[in-house]
């Protein structure tokens, strides 16, 4: 009996040892799918385009250097005995004009120093000249007096073109530091700048509309400075340029000349931003439309074209921003346009 029990115990132990040896063998079931490799770190999201890239200007120059697009600038001293009027045309009295300060600024701008600075302005930044000196321009060699307490403040009424282009911001600090004056600038379209002077709010004007300048003289609002031959001192120029979207749907770039380009814009009813403010730029634009359209400064004249002709009644910089946003065509002076592009389409 004991032998039988011993034999049975031995068999149990042998069976257990065999079972243990088989435990390491794979179980005959479907093998689990291999674990996925750890996911790669997600690629960082692309950085948003730099602000400068996001503001790249699409508006570009499509037509320039046409003889019909020369843009002349003139200086005129305000007559201290002018027939002053308010905005409604009523007489105004008690106007004081700083004739000494006006003469000082005009003579400096027309001096060799002032003209050289104006002629070279912008070349280092833009790689081209923004303004050019006219042949036969007036040149001043007058001695420029230092400012006194009575003559220190000079009021300059001017167009947005010379202001938005940065020219005045460059020239005036040099003049002020050298002679002690402080120039207060009123900047608007030529029409508004001249109206401002007629109310006695300016000592001199710097504008660019021959017809309006001549009317200003004829009405007695300007005077001839000592050493000069005429009231209207036409001394520098640049070019108007016709700009628009780079796609140029009107085919302006291929037009024979600027008037043909304006005809193409009108024929296709492509959006056009007009200054609409009586400025020199606005006056020039009106002269370039086909006569049969009848577009003038009066709103009634373009009431049938408002689906494409937008009269903004604002300055050059603001109009360029509108043209960029709307993909519209626009007439502008080249100096302001280059400044607009350099500022990535932002105008202060």
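The values are calculated or read from the model by the stated rules, or taken from the named source; none is laboratory data. What you see is a predicted model, and the numbers here were worked out from it, not measured in a lab. When we count neighbours, we look across all protein chains shown, and the Cβ atoms used for this are built from the backbone with ideal geometry, even at glycine.
For the reader, a short list of remarks on this structure follows.
- Counted residues, region 197-215 - those being surrounded by fewer than 19 Cβ atoms within 10 Å (Cβ to Cβ), touching a strand residue (DSSP E or B) at 6+ places or on another chain (Cβ under 9 Å) and closer than 18 Å to residue 85 by Cβ: 2
- Test: residue 226 is part of a loop (DSSP other than H, G, I, E, B), under 26 Å from the mean Cα position of the chain (by Cα) and modelled with pLDDT of 95 or more: no
- Restricting region 306-329 to residues that are touching a residue at least 60 places away in the same chain (Cβ under 8 Å) and in contact with a helix residue (DSSP H, G or I) (Cβ under 9 Å, 6 or more places away or on another chain), the residue that is nearest to residue 186 (Cα to Cα): 315
- The helices (runs of 4 or more DSSP H) located wholly in region 78-150 that include 1 or more residues which are at pLDDT 95 or above, touching a helix residue (DSSP H, G or I) at 6+ places or on another chain (Cβ under 9 Å) and surrounded by fewer than 16 Cβ atoms within 10 Å (Cβ to Cβ) occupy 112-120.
- Scope region 176-221; condition touching a helix residue (DSSP H, G or I) at 6+ places or on another chain (Cβ under 7 Å), within 19 Å of residue 96 (Cβ to Cβ) and in a loop (DSSP other than H, G, I, E, B); matching residues: 181, 202, 203, 221
- Of all residue pairs spaced 6 or more apart or on separate chains, those with beta-carbon atoms under 9 Å, a first member in region 177-189 that is closer than 19 Å to residue 164 by Cα and assigned by TED's automatic domain parsing to the domain that holds residue 205 and a second member that is modelled with pLDDT under 95 and part of a strand (DSSP E or B) are 187/159; 188/159; 189/159.
- For residue 251: the one exception among (1) touching a helix residue (DSSP H, G or I) at 6+ places or on another chain (Cβ under 6 Å); (2) farther than 22 Å from residue 169 by Cα; (3) surrounded by 19 or more Cβ atoms within 10 Å (Cβ to Cβ): (3)
- When 172, 156 are checked against the criterion of being under 28 Å from residue 240 (Cβ atoms), without any contact (Cβ under 8 Å) to a residue 60 or more places away in the chain, outside any strand (DSSP E or B) and touching a strand residue (DSSP E or B) at 6+ places or on another chain (Cβ under 6 Å), a single residue qualifies: 172.
- Criterion: over 20 Å from residue 195 (Cα atoms) and either at pLDDT below 95 or assigned to a loop (DSSP other than H, G, I, E, B) (or both) - qualifying residue of 307, 277, 267: 307
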